């Protein structure tokens, strides 16, 4: 059995010098380094169950909080432009490669909006860093929940006149997980939020229009884990993206039986962890 994690945390300078939080769970001589980009409204600590599961393995994990999320600086749920997240990710990877001096392969893991951020990053920086492969968990390539027309119109108006105003995101925690203990945990978690700025919302829509037509440009090993009928993001668009990528080494697992948006925190999570572990180990062969 591998040793326990060595924990560290700190801050780095994101785009336009925004102070952003990151944390790490390191092994002394890891076989893999996994870098997590979380989704809208959550934060890096949301992956504690996943990371705890992998502790017997010899993998190191690194995660950061998006601007306006978790312990990072910024108004909750706000970014002037969705691409701010993409620029932040590039700066975090630059910082991580310099600070941690990775010797083992690096894997990117993006969940939900983090999957969209990660994909936009790869489409513009696929060869900038030495990345062995990527994992996409319930990636946001389209909405499952219809955005009310009046809210869409309001977002466009606000983005012009009052860009720092945030709106509710139409989601509730039962869309994320069926585990009542996790739902209660989410309700008590003061670092989580359910608001979004017009700049992020409109940037998501622009992101959908960018990534799907260019999915064929993704040629690195890719593993996707999605729900059959995700109540938050479009499962159909995720499948469309998967079919379009040119990676010769790609795999997707679709979870049925009412699986919700956060597979890593839902009641079937042990199976999801095992599937991820099997795929990661396959990449090491």
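The values are calculated or read from the model by the stated rules, or taken from the named source; none is laboratory data. On a predicted model such as this, the values are computed, not experimentally measured, just so you know. Virtual Cβ from ideal backbone geometry, glycine too; neighbours counted across all protein chains shown.
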* To do: Scan region 10-30 residue by residue and report those that are surrounded by 13 or more Cβ atoms within 10 Å (Cβ to Cβ) and either in a strand (DSSP E or B) or at pLDDT below 95 (or both).
  => 11, 12, 13, 19, 20, 21, 22, 23, 24, 25, 26
* Just give me the residues in region 201-229 being closer than 28 Å to residue 173 by Cα and out of contact with any helix residue (DSSP H, G or I) (no Cβ under 8 Å at 6 or more places or on another chain), in sequence order. => 205, 206, 209
* Asked: Given the conditions (1) more than 15 Å from residue 61 (Cβ to Cβ); (2) surrounded by fewer than 21 Cβ atoms within 10 Å (Cβ to Cβ), and given that residue 112 satisfies all but one, which numbered condition is not satisfied?
  -> (2)
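For every residue, the table says whether it meets (1) in contact (Cβ under 8 Å) with a residue 40 or more places away in the chain; (2) part of a loop (DSSP other than H, G, I, E, B); (3) closer than 29 Å to residue 245 by Cα.
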site: 181; (1), (2), (3): no, no, no
site: 187; (1), (2), (3): no, no, no
site: 193; (1), (2), (3): yes, yes, no
site: 200; (1), (2), (3): yes, no, yes
site: 213; (1), (2), (3): no, yes, yes
* Please work out if residue 35 is part of a strand (DSSP E or B), touching a residue at least 60 places away in the same chain (Cβ under 8 Å), within 21 Å of residue 218 (Cβ to Cβ) and touching a strand residue (DSSP E or B) at 6+ places or on another chain (Cβ under 7 Å). => yes
* **region 246-259, subset modelled with pLDDT of 95 or more and in contact with a strand residue (DSSP E or B) (Cβ under 6 Å, 6 or more places away or on another chain), residue surrounded by the most Cβ atoms within 10 Å (Cβ to Cβ)** => 259
* Say we look at region 115-131 and pick out the residues that are out of contact with any strand residue (DSSP E or B) (no Cβ under 6 Å at 6 or more places or on another chain) and part of a loop (DSSP other than H, G, I, E, B); which of these is surrounded by the most Cβ atoms within 10 Å (Cβ to Cβ)? -> 129
* Structure fact -> Over region 220-243, the set of residues over 16 Å from the mean Cα position of the chain (by Cα), surrounded by 15 or more Cβ atoms within 10 Å (Cβ to Cβ) and more than 16 Å from residue 140 (Cβ to Cβ) is 220, 221
* To do: Search region 48-76 for residues being free of Cβ contacts under 8 Å to residues at least 60 places away in the same chain and not in a loop (DSSP other than H, G, I, E, B), and hand back the single one that is surrounded by the most Cβ atoms within 10 Å (Cβ to Cβ).
  => 64
* To do: Restrict the check to region 32-39 and report whether at least one residue is out of contact with any helix residue (DSSP H, G or I) (no Cβ under 7 Å at 6 or more places or on another chain) and closer than 29 Å to residue 188 by Cβ.
  => yes
* Scan of region 180-194 for residues that are farther than 21 Å from residue 259 by Cα and more than 17 Å from the chain's Cα centre (by Cα), ordered by number -> 188, 189, 190
* Structure fact -> Going through region 260-285 in order, the residues found to be out of contact with any strand residue (DSSP E or B) (no Cβ under 9 Å at 6 or more places or on another chain), outside any helix (DSSP H, G or I) and either touching a residue at least 40 places away in the same chain (Cβ under 8 Å) or within 22 Å of residue 239 (Cβ to Cβ) (or both) are 267
